[in-house]
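Please treat every number below as a calculation from the coordinates, not as lab data. None of these values were measured; they are calculated from a predicted model. So basically every Cβ, Gly included, is an ideal-geometry build from the backbone, and we count neighbours across all protein chains shown.
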Amino acid sequence: MIKRLRRLVLPLLILAGPAHAAEKPKEVGQYVDLQPVAMPIVIDGRLVNYVFVYVRVNLKGGADIIKARDREPAFRDALVRDGHRTPFVLANDWSRIDEAKLIAAMTRDAAAITGPGVVASVSVTSQTPQKRVMPPRPTAPDHP
């Protein structure tokens, strides 16, 4: 009975070895993942959409991760304030935010919140629009 079981299990173990080795290693590092934040898309003073963004603040080695994670609400607050002060709007797509502008603003704010030498980088891990909205087509010029 044991010999039969070995004959069945051995090929499965051989096949599982390469599959296990091909798995990507989990991301190692210190970071703070922010809870999703709804960023407004405002065009000509009119709210047309919200885009929910997921942001990660990557910390430098040796940073106090617990202290940084305790400041997660401050990171979100800064992001919301920036998004309402000057919305991160893309001219050609109202279903996405301008990641470069958001990252620049959040990097500046995160460094102010944590102090110098703590933040390595900021990244937008995901963005999901509330509605799929495209900007209006340009109108044809009037001919006299």
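Between A100 and R76, the FRET efficiency estimated from the beta carbon spacing at R0 = 30 angstrom works out to 0.90. Annotation for R108 and I66: the two label points, set 7 Å from Cα along the Cα-Cβ direction, are 3.3 nm apart. Each Lys and Arg adds +1 at its Cβ and each Asp and Glu adds -1 at its Cβ; summed about the Cα centre, the stretch 31-129 shows a dipole of about 140 debye.
Can you classify the stretch 67-136 as rounded, prolate or oblate using the Cα gyration tensor, where a ≥ b ≥ c are the square roots of its eigenvalues, rounded means a/c under 1.5, and otherwise it's prolate if a/b beats b/c and oblate if not? In terms of gyration-tensor shape, prolate. Residue order for T114, T86, fewest other beta carbons within 10 angstrom first, comes to T86, T114. When you filter the trypsin sites (Lys or Arg not before Pro) in the stretch 40-103 for DSSP loop state and at most 16 other Cβ atoms inside 10 Å of their Cβ, you are left with K60.
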